[in-house]
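Here's the structure we're looking at; comments come further down.
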Amino acid sequence: MTAEGSPAGSPAIRFDGTSVVYPNGVKGLDAVDLEVPRGELVVVVGLSGAGKSTLLRAVNGLVRITGGDVVVDGRSVRASHGAGLRDLRASVGMIFQDYRLVRRLSVLQNVLVGRVARVPTWRQLAGLWPKEDVALALDSLDRVGLADRAYVKAGQLSGGQQQRVGIARALAQKPAVILADEPVASLDPVTSRQVMDDLQRINRDLGITTLVNLHFLDLAKEYAERIIGLSQGRVVFDGAGAGVTADDFAEIYGRHPTAEDVLEAQVAL
Ligand SMILES: Nc1ncnc2c1ncn2[C@@H]1O[C@H](COP(=O)(O)OP(=O)(O)O)[C@@H](O)[C@H]1O
Ligand SMILES: [Mg+2]
């Protein structure tokens, strides 16, 4: 057993008949069964509205699970409340399409936000971050190649750099799991690859289980160890990234891929 009380061989994330029905009756997830082993990098693809964001948000309890459960690192999301839920969220780093940085704060301060769950509020307010936390934040920035920008205002960075700060902030949580919800949707092709390279390197170097929602099929194929296809809240494809064909994508999307579905239209699938 690990310190957290989970069996060492258990998956990092287990979706166990997970359903999410939103208050307005819309089904976000429909009885999803899925196991993600520790250290895997999984890319989730599907049309807009397929349930990709809902799948990720179910992992850290940002949406209410209405059927089944999600078990993260041996802990039931559905049974987690209050301090237990905060603890679970502290072990799950989240990366967003729109970065969600505080633009007027320094890059370093933004990364230190990743330590919030673990440092008392009065110390944060006083700017009294423990030395170890500052060192960890700087190390996290170093892993995305931005250690030299630590004292620049976040708002002054380019989009790609801001997203890499978002990755460093997630890393500073020392997460068991990283969730990235369309992290490159606002970026150009070259920058998209840099951000995906960072996510891949961190996954490989630190063994952090990573779930990435992506729209672009060529990127998915390039970076995914495993691709999960979602349609109408259900898993309709689950296979190795490298082996995915245009026909597989057609099945997931319910239509053949178009130029809009690839990052660089000249790249053949
Ligand atoms: N907060 C919400 N309230 C009601 N319906 C929602 C909410 N969020 C998402 N949905 C619906 O749930 C389904 C899945 O959405 P989502 O997980 O955002 O898909 P994706 O990320 O693949 O685009 C869609 O039909 C969407 O309209
Ligand atoms: Mg989404």
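Bear in mind these aren't lab numbers, they're just calculated from the coordinates by the rules spelled out. These numbers come from a predicted model, not from an experiment. For neighbour counting, all protein chains shown are included, and Cβ atoms are generated from backbone atoms with ideal geometry for every residue, glycine included.
Here are a few things to note about the model shown:
- Highest mean packing comes first when the peptides 104-112, 82-90 are listed by Cβ atoms within 10 Å, giving 104-112, 82-90.
- Among beta bridges from DSSP that stay inside the chain, the antiparallel ones total about 55%.
- Straight Cα distances below 22 angstrom link Lys174 to the lysines Lys131, with same-chain residues fewer than 8 positions distant left out.
- Annotation: lysines with alpha-carbon distance below 20 angstrom to Lys221 (same-chain offsets under eight excluded): Lys52.
- Difference of contour (0.36 nm per residue) and Cα-Cα distance, Ala185 to Tyr22: 56.2 nm
- Ordering of 190-202, 232-244, 155-167 by packing is 155-167, 190-202, 232-244, highest average first (other Cβ atoms within 10 Å, averaged per residue).
- Farthest positive-ward along the chain dipole, Cα basis, beta-carbon charges - from Asn213, Ala250, Ala83: Ala83
- Dipole size of the chain about its Cα centre, with +1 on Lys/Arg Cβ and -1 on Asp/Glu Cβ: approximately 1260 debye, rounded to the nearest 20.
- You can think of it this way: the chain between Val152 and Arg100 has 17.1 nm of extra reach, that is 0.36 nm per residue less the Cα-Cα gap.
- Length gained on full extension, Thr258 to Gln232, computed as 0.36 nm times the residue gap minus the Cα-Cα distance: 7.4 nm.
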